[in-house]
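Working notes, beginning with the structure itself.
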Amino acid sequence: QVQLVESGGGLVQAGGSLRLSCAASGRIADINTMAWYRQAPGKERELVAAITSAGNTQYADSVKGRFTVSSENAKSTVYLQMNSLKPEDTAVYYCNFKARPLAIVDWRNYWGKGTLVSVSS
């Protein structure tokens, strides 16, 4: 079974920083994309940042210049460095892997359980 384990969430004051990490375990053969999503109460889930196995990155407009996504492909791990945090960044953050497990041809999406980031003013 492929599982994603997240860490790094917590409570921080506006202007502060947090670093999230997510590592995958299990029978993963290949990883296409690693990404971070977030969902605030009463809001729709949104893509925050993504990184491909080739190192190409994508960010939501609301976090550009403040957040940085990175990865260590050999460790099946993705990170999200969050700086200059704002109260509107408060949400549950989920990591997502588009990956192919062993003995499976097609790509599949895997999700972490989520980690809460709370930013106070």
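The values are calculated or read from the model by the stated rules, or taken from the named source; none is laboratory data. The structure displayed is predicted, hence computed values, not measured ones. Methodologically, a virtual Cβ is constructed for each residue, glycine included, from the backbone with ideal geometry; neighbour enumeration extends over all protein chains shown. Please note that ligands, DNA and RNA were not included when accessible areas were found on the heavy atoms of the full protein model with its side chains. Shrake-Rupley method; radii C 1.70, N 1.55, O 1.52, S 1.80 Å.
Collect the residues in the range 73-91 that are under 24 Å from Ile28 (Cβ atoms), touching a strand residue (DSSP E or B) at 6+ places or on another chain (Cβ under 8 Å) and either without any contact (Cβ under 8 Å) to a residue 12 or more places away in the chain or surrounded by 14 or more Cβ atoms within 10 Å (Cβ to Cβ) (or both), keeping them in residue-number order. Don't jump to the end; show me each part of the working.
Looking only at the range 73-91, we keep the residues that are under 24 Å from Ile28 (Cβ atoms), and these are 73-81.
Right, trim to touching a strand residue (DSSP E or B) at 6+ places or on another chain (Cβ under 8 Å) and you get 73, 75-81.
Of everything in the range 73-91, those that are under 24 Å from Ile28 (Cβ atoms), touching a strand residue (DSSP E or B) at 6+ places or on another chain (Cβ under 8 Å) and either without any contact (Cβ under 8 Å) to a residue 12 or more places away in the chain or surrounded by 14 or more Cβ atoms within 10 Å (Cβ to Cβ) (or both) turn out to be Asn73, Ser76, Thr77, Val78, Tyr79, Leu80, Gln81.
Only one residue in Thr68, Thr33 is free of Cβ contacts under 8 Å to residues at least 24 places away in the same chain and either part of a strand (DSSP E or B) or touching a Lys or Arg at 6+ places or on another chain (Cβ under 9 Å) (or both), so which one is that?
Details: Thr33 fails: free of Cβ contacts under 8 Å to residues at least 24 places away in the same chain.
Exactly one of Thr68, Thr33 is free of Cβ contacts under 8 Å to residues at least 24 places away in the same chain and either part of a strand (DSSP E or B) or touching a Lys or Arg at 6+ places or on another chain (Cβ under 9 Å) (or both), namely Thr68.
Do you know which of the residues in the range 52-72 that are open to solvent by less than 30 Å² (accessible area, probe 1.4 Å) and among the aliphatic types (A, V, I, L, M) is nearest to Gly8 (Cα to Cα)?
Within the range 52-72, the match that is nearest to Gly8 (Cα to Cα) is Val69.
Run down Ser17, Ser120, Ser7 and say which single residue is among the hydroxyl-bearing types (Ser, Thr, Tyr), in contact with a helix residue (DSSP H, G or I) (Cβ under 8 Å, 6 or more places away or on another chain) and in contact (Cβ under 8 Å) with a residue 60 or more places away in the chain. Lay out the reasoning, then the answer.
On the way: Ser17 fails: in contact with a helix residue (DSSP H, G or I) (Cβ under 8 Å, 6 or more places away or on another chain); Ser7 fails: in contact with a helix residue (DSSP H, G or I) (Cβ under 8 Å, 6 or more places away or on another chain).
When all the criteria are applied, what remains is Ser120.
What residue, among those in the range 21-30 that are open to solvent by less than 50 Å² (accessible area, probe 1.4 Å) and without any contact (Cβ under 8 Å) to a residue 60 or more places away in the chain, is farthest from the chain's Cα centre (by Cα)?
Filtering first and then ranking leaves Ala23.
Suppose we filter the range 92-107 for residues that are within 16 Å of the chain's Cα centre (by Cα) and open to solvent by 60 Å² or more (accessible area, probe 1.4 Å); how many remain? Spell out the reasoning first.
To start, the set of residues in the range 92-107 that are within 16 Å of the chain's Cα centre (by Cα) comprises 92-99.
Going one step further and asking which of them are open to solvent by 60 Å² or more (accessible area, probe 1.4 Å), we end up with 98.
Selection size over the range 92-107: 1.
Name the residues in the range 1-20 that are part of a strand (DSSP E or B) and either over 15 Å from Tyr110 (Cα atoms) or open to solvent by less than 30 Å² (accessible area, probe 1.4 Å) (or both), would you? Outline the logic, then answer.
From the range 1-20, those part of a strand (DSSP E or B) are 3-7, 10-13, 18-20; that's our starting set.
Once the filter is applied, which keeps residues that are part of a strand (DSSP E or B) and either over 15 Å from Tyr110 (Cα atoms) or open to solvent by less than 30 Å² (accessible area, probe 1.4 Å) (or both), the range 1-20 yields Leu4, Ser7, Gly10, Leu11, Val12, Gln13, Leu18, Arg19, Leu20.
Among the numbered criteria (1) touching a residue at least 60 places away in the same chain (Cβ under 8 Å); (2) polar (S, T, N, Q); (3) outside any strand (DSSP E or B), which single criterion is violated by Ser62?
The one condition Ser62 does not meet is (1).
Within the range 35-51, which residues are open to solvent by 20 Å² or more (accessible area, probe 1.4 Å) and modelled with pLDDT of 95 or more?
First, pick out the residues of the range 35-51 that are open to solvent by 20 Å² or more (accessible area, probe 1.4 Å): 37, 39-47.
Result: Tyr37, Gln39, Ala40, Lys43, Glu44, Arg45, Glu46, Leu47.
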